[in-house]
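Reading through the structure tokens given below for one structure.
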Amino acid sequence: MDISSYVLLSHEQALRRRLDVTANNMANTSTVGFKREQPVFHEFVEQSGDPSVPSATTTSYVLDYGAIHDTSMGAFQATGNPLDVMIDGPGYLQVEAPGGGTAYTRAGFVKVLPSGDLAAAGGQRLLDATGKPINIPPDQLATLSIASDGSVSGAQGVLGRIALTVFADEAGVTPRGDGLMAGSGGRILSAAETKLTTGGVEGSNVQPIVETTAMVEILRSYQSSQRLSQAMDDLRKNAIDRLGRFT
């Protein structure tokens, strides 16, 4: 293949990446706490070793740089469970990750495990500001409540506080593949900075119409790329035919 074919291939790979991300957004339209993603591409410029043609000394390719999250809030979805929480603003609930370590989520389904520990919907134990689980004594389950600052209280007072973690760079918060997020360098919010709304969860911020429009645009771009590729093939065939007449 010549350089033009490689450039087109680079473009089509970028379109494939956009399609994968858009399809994943569409698939998570109803996923609680999901944040839509958008791929980020950089221009990769290759320098030519032949300076005889100044206009052709550089070639630009598309480089997949990763994906960023749209941090806009999703809509509040009432669940009727007074323990469910929606994070009002930035931040993530920190949970005990399967296999050890800490993971993060914005899905605010909260339940009490048989052991008495507070946990997310998937059974991962919620952690407090010190990284420890929050345990609820059996005799206080009936009076359990969660305040807007994350404080978990029973009939005899505060039992702990659900910790929220924020990250300066959201690009460093990446999906783990199990419904949780991984991240490093986060900061735990103080009680004064924490804002939770109880009785419901945050819905996905994906807008189906926006994603459908994006998929149509990707398809049209791919079709244009294919037409250009076909036109280049036709030019090569014509050039070969003409050269063949002189041999």
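If the condition is being over 21 Å from residue 186 (Cα atoms) and in a loop (DSSP other than H, G, I, E, B), then region 113-145 contributes 113, 114, 115, 116, 121, 122, 123, 136, 137, 144. Scanning region 145-156 for residues that are small (Gly, Ala, Ser) and surrounded by fewer than 18 Cβ atoms within 10 Å (Cβ to Cβ) returns 145, 147, 148, 151, 153, 154, 155.
Regarding residue 148, is this residue in the same structural domain as residue 84 (by TED's automatic domain parsing), within 18 Å of residue 81 (Cβ to Cβ) and assigned to a loop (DSSP other than H, G, I, E, B)? Spelling it out, residue 148 is indeed in the same structural domain as residue 84 (by TED's automatic domain parsing), within 18 Å of residue 81 (Cβ to Cβ) and assigned to a loop (DSSP other than H, G, I, E, B).
So which of 119, 142 ends up being hydrophobic (A, V, I, L, M, F, W, C) and surrounded by 14 or more Cβ atoms within 10 Å (Cβ to Cβ)? After ruling out the rest, the residue left standing is 119.
Scanning region 189-214 for residues that are touching a residue at least 40 places away in the same chain (Cβ under 8 Å), outside any loop (DSSP other than H, G, I, E, B) and either in contact with a Leu (Cβ under 7 Å, 6 or more places away or on another chain) or hydroxyl-bearing (Ser, Thr, Tyr) (or both) returns 197, 198, 212. Taking region 73-112 and the strands (runs of 3 or more DSSP E) fully enclosed by it, the elements with 1 or more residues that are within 16 Å of residue 123 (Cα to Cα) and of a type in the set (Phe, Trp, Tyr) are at 102-105.
Residue 226 fulfils the conditions (1) farther than 24 Å from residue 28 by Cα; (2) surrounded by 13 or more Cβ atoms within 10 Å (Cβ to Cβ) except for a single criterion, (2).
For (1) touching a Gly at 6+ places or on another chain (Cβ under 9 Å); (2) modelled with pLDDT under 95; (3) closer than 30 Å to residue 6 by Cβ, each residue gets a yes or a no:
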residue	(1), (2), (3)
169	yes, yes, no
196	yes, no, no
225	no, yes, yes
229	no, yes, yes
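Residues in region 160-170 include none that are on the phi > 0 side of the Ramachandran plot, part of a loop (DSSP other than H, G, I, E, B) and not polar (S, T, N, Q). Of the residues screened, residue 195 is one that is in the same structural domain as residue 86 (by TED's automatic domain parsing), over 17 Å from the mean Cα position of the chain (by Cα) and of a type in the set (Lys, Arg).
The values are calculated or read from the model by the stated rules, or taken from the named source; none is laboratory data. The structure displayed is predicted, hence computed values, not measured ones. Cβ atoms come from the backbone with ideal geometry, glycine included; neighbour counts cover every protein chain shown.
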